[in-house]
Structure formats: structure tokens, C-alpha cells
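In what follows, a structure is listed as C-alpha cells, so that the remarks can point back to it.
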Amino acid sequence: MIDISIIIVSYNTKKLTLKCLRSVYEQTNGISFEVIVVDNNSTDNSAESISEYYPDCILIPLKENIGFARANNLAAKRAMGAYLLLLNPDTIVMHGAIQRLLAFAQKNPDNLIYGGRTLY
């Protein structure tokens, strides 16, 4: 069982998405997770770069832009985690934030939606 599925929807945000992914993989340890990126038909070679630098990431490259909500729903259907984390591509994960958010969710199972703190 995977603890958490991290879903990122990308559209022409190659540099931001690569930085986001780097921070996810560097800062998330001690839990099982998968990363699913839906590329909404970017023209900036986002999908190619993501697959090159992050081959463990599940990449869903689309041939048309289906929008943010539909892309998240598509990834959620593919997700295997007990929890889903929707992460914007301009996010930089800091100081084990995903582990702390997961621990909070597990300690508070009656809540259905959880959110992290945004800095800057």
C-alpha cells in the first residue's frame, strides 16, 4: 500500500515543475509515495524533461489541454495512495512537509480535507 499519491498538473511550467519534483524527491522520505504528473499538452518540452529527469514519476502526457480539474481527476483515478496530495507545479516542498501533513491526516481521520501552510 502506498501512503500518499502526489498529483501535479503541468502546463508550460517545465522549469517550475522540475524544481517542484526535485524538492518532492529530496524532502520526502520515510513514507511510501508515488508522484503522478499530468502534462496538459505543454509546448515547452515539459513532458520530455520530466520523463528524462524523473523516470520514477508516473507521467501522463496529454494530446490536448483538458484543464486543471479534469487533469487532477484523471490522475486521481490512476493513484494508488491511501491519501491524495494535489500539488501545484510552482510548489517547493520544505523540511519534510509531506511527511508531517500525512502524519497529521493519519492522526485526524475524521477530517476529509487537509492543507499545508504556504510560505512566501
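Key figures for this structure:
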{"item": "Search result, residues across the stretch 93-120 that are open to solvent by 90 Å² or more (accessible area, probe 1.4 Å) and assigned to a helix (DSSP H, G or I)", "result": "ARG100, PHE104, GLN106, LYS107"}
{"item": "The stretch 13-63: number of residues that are under 18 Å from ASP3 (Cα atoms) and of a type in the set (D, E, K, R)", "result": "3"}
{"item": "Which numbered condition ASN88 fails, given (1) in contact (Cβ under 8 Å) with a residue 40 or more places away in the chain; (2) open to solvent by 90 Å² or more (accessible area, probe 1.4 Å)", "result": "(2)"}
{"item": "The lone exception for TYR11 - which of (1) open to solvent by 70 Å² or more (accessible area, probe 1.4 Å); (2) over 14 Å from the mean Cα position of the chain (by Cα); (3) over 20 Å from GLN106 (Cα atoms) it fails", "result": "(2)"}
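Results for (1) surrounded by fewer than 21 Cβ atoms within 10 Å (Cβ to Cβ); (2) aliphatic (A, V, I, L, M); (3) closer than 17 Å to ILE92 by Cα, shown as yes or no for each residue.
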| site | (1), (2), (3) |
| --- | --- |
| MET1 | yes, yes, no |
| ILE7 | no, yes, yes |
| VAL24 | no, yes, yes |
| GLY30 | yes, no, no |
| VAL38 | no, yes, no |
| ASN45 | yes, no, no |
| TYR54 | yes, no, yes |
| LEU62 | yes, yes, no |
| ASN65 | yes, no, no |
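The values are calculated or read from the model by the stated rules, or taken from the named source; none is laboratory data. From a predicted model like this one, the values you see are computed outputs, not experimental measurements. Positions of Cβ are backbone-derived with ideal geometry, glycine not excepted, and every protein chain shown enters the neighbour counts. When the accessible area is computed, the model is the full protein with side chains, heavy atoms only, and any ligands, DNA or RNA have been set aside. Shrake-Rupley method; radii C 1.70, N 1.55, O 1.52, S 1.80 Å.
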